[in-house]
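**Student:** This is the structure I have questions about; it appears just below.
The values are calculated or read from the model by the stated rules, or taken from the named source; none is laboratory data. Quick caveat, the model's predicted, so the values are computed rather than measured. All Cβ positions, glycine included, derive from the backbone under ideal geometry; neighbour counts span all protein chains shown.
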Amino acid sequence: MPNLKVAIVHDWLVDYGGSERVLEQMVQVFPQAEIFCVVDFLPHSYRSILPNRKTHTSFIQNLPLARKHFRAYLPLMPLAIEQLDLRDFDLVISSSHAVAKGVITAPHQLHVAYIHSPMRYIWDLQRDYLADSWRSPLVHLLCHYLRLWDVSSTTRVDKLIANSHFIARRIYKYYRRKAKVIYPPVSVADFPCKTLPPENFYLYVGRLVPYKRVDLIVEVFQRMPDRFLVIIGDGSERRKILTKLTPNITYLGYQPQNVVQEYMQKAKAFIFAGVEDFGITPLEALSCGTPVIALAQGGLQETITPTVGVLFPTQTPESLQQAILDFEQKHFDPRHCHQYAQQFAPDRFRQQLQKTIETWLCRRKY
């Protein structure tokens, strides 16, 4: 599709997370694509994911304090995304966990939206994200307005892709639209299999935010002082977590990838207690040969099988503690864990995305 004029619309570029990994692979599938987003403050160290590309941004890019506080302009983002000019393109692909899918396209254009998740903070996880602020009538009003816009803007999308069956169910729940599932890419090549026996500690890597339930993991290890836990990551829950640390729990804060990889290879198991849309980090741990103990909800229920890990049913200390005890009675082959994770490699994502969009383009009637 070299002659196809393609636009890729991303919510915002400020960091290199899961959605940016998807964007990076989309650009490889469509190297001719132009990139659009609400704001672009991506650090220079990550610019290589968009080689030699100028991004087109919205008016929010130039608003006061946008670099540090662009999320405060969320009420303006529906307006901002709708003002992006996409008239010159044949194919529009949005990579959306917030507002990107709300771009306005013409009848002759095919708009495909890859949905990482409907906006969690305005739907079922509103209270988890907003904490005490959700009691404000103004916040209630804003979320009501965003929900109305979120649903109405989805009707403009021609085809939807979800990053897991869990997200496909959420899409149908809130939008009453069916979505094809294409799992996101996992950089398994950057996480080689361990060659030495595991050391005597469990590991959590990820953001310290409420819905990840790191507090639950910490509580369990408080109850199990003869087991050791290492936590890598940072976020809004950091201070809360630090006040609960016991001698068997080590907090390392944010660490670069080489350190994360080292700890993933050494850990006896990776622990995850949140409801995740898909769950890239646990699969990186599997690629290192490290089995996973995870909550049997969300995307991880689809990816963690009995041969590579243990699932626990509820977000309670008792449930997780029992899962750890069950794990210690089992044996997991690091080589099998590593091989299992390879099915989520980036080349699989690129092939599925290209084939799916090519099929939709061929079937489209103008």
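**Student:** Give S19, S45 a once-over and let me know the one that is among the small types (G, A, S) and either in contact (Cβ under 8 Å) with a residue 24 or more places away in the chain or not assigned by TED's automatic domain parsing to the domain that holds I104 (or both).
**Tutor:** When all the criteria are applied, what remains is S19.
**Student:** OK, next. With the condition kept exactly as written, say whether any residue in region 345-358 is in contact (Cβ under 8 Å) with a residue 24 or more places away in the chain and over 30 Å from H108 (Cα atoms).
**Tutor:** The answer is yes; a qualifying residue exists.
**Student:** Looking only at region 282-318, how many residues end up being among the hydroxyl-bearing types (S, T, Y), surrounded by 18 or more Cβ atoms within 10 Å (Cβ to Cβ) and more than 16 Å from the chain's Cα centre (by Cα)?
**Tutor:** 2
**Student:** Please enumerate the residues belonging to region 220-253 that are surrounded by 17 or more Cβ atoms within 10 Å (Cβ to Cβ), under 18 Å from Q315 (Cα atoms) and among the charged types (D, E, K, R).
**Tutor:** Listed by number, the list holds a single entry, E237.
**Student:** Additional query: Pick out the one residue from R120, R156 that is surrounded by fewer than 21 Cβ atoms within 10 Å (Cβ to Cβ) and more than 26 Å from P185 (Cβ to Cβ).
**Tutor:** Testing whether each residue is surrounded by fewer than 21 Cβ atoms within 10 Å (Cβ to Cβ) and more than 26 Å from P185 (Cβ to Cβ) leaves just R156.
**Student:** Going by the structure shown, is A269 in contact (Cβ under 8 Å) with a residue 60 or more places away in the chain, among the small types (G, A, S) and touching a Lys or Arg at 6+ places or on another chain (Cβ under 9 Å)?
**Tutor:** no
**Student:** Can you find a residue in region 26-37 that is crowded, with 19+ Cβ neighbours inside 10 Å and closer than 13 Å to V14 by Cα?
**Tutor:** Checked against the condition, which is being crowded, with 19+ Cβ neighbours inside 10 Å and closer than 13 Å to V14 by Cα, region 26-37 yields at least one hit.
**Student:** Would you mention how many residues in region 36-59 are under 21 Å from I104 (Cβ atoms) and in contact with a Leu (Cβ under 6 Å, 6 or more places away or on another chain)?
**Tutor:** The number of residues fulfilling the criteria is 3.
**Student:** From H336, H331, grab the single residue that is surrounded by 14 or more Cβ atoms within 10 Å (Cβ to Cβ) and either at negative phi or assigned by TED's automatic domain parsing to the domain that holds Y121 (or both). Talk me through it step by step, then tell me what you get.
**Tutor:** On the way: H331 fails: surrounded by 14 or more Cβ atoms within 10 Å (Cβ to Cβ).
Step by step, each of H336, H331 is checked, and only H336 is surrounded by 14 or more Cβ atoms within 10 Å (Cβ to Cβ) and either at negative phi or assigned by TED's automatic domain parsing to the domain that holds Y121 (or both).
**Student:** Across region 43-74, what is the total count of residues that are in a loop (DSSP other than H, G, I, E, B) and either basic (K, R) or surrounded by fewer than 19 Cβ atoms within 10 Å (Cβ to Cβ) (or both)? Walk me through it before giving the result.
**Tutor:** Here is the first cut: in region 43-74, the ones in a loop (DSSP other than H, G, I, E, B) are 43, 50-54, 58, 63-65.
Next, only the ones that are either basic (K, R) or surrounded by fewer than 19 Cβ atoms within 10 Å (Cβ to Cβ) (or both) stay: 43, 51-54, 63-65.
Total meeting the criteria: 8.
**Student:** With a cut-off of at least 3 residues that are aliphatic (A, V, I, L, M), name the strands (runs of 3 or more DSSP E) lying wholly within region 255-342. I'd like the intermediate steps shown before the answer.
**Tutor:** Numbers: elements: 269-272, 292-295, 309-312.
The qualifying strands (runs of 3 or more DSSP E) are 292-295.
**Student:** Before we move on, is T356 surrounded by fewer than 17 Cβ atoms within 10 Å (Cβ to Cβ) and part of a loop (DSSP other than H, G, I, E, B)?
**Tutor:** Values: surrounded by fewer than 17 Cβ atoms within 10 Å (Cβ to Cβ): yes; part of a loop (DSSP other than H, G, I, E, B): no.
It is false that T356 is surrounded by fewer than 17 Cβ atoms within 10 Å (Cβ to Cβ) and part of a loop (DSSP other than H, G, I, E, B).
**Student:** Could we say that A345 is surrounded by fewer than 23 Cβ atoms within 10 Å (Cβ to Cβ), within 25 Å of S95 (Cα to Cα) and either under 22 Å from the mean Cα position of the chain (by Cα) or among the aliphatic types (A, V, I, L, M) (or both) here?
**Tutor:** Here the answer is yes, as A345 does meet what is asked.
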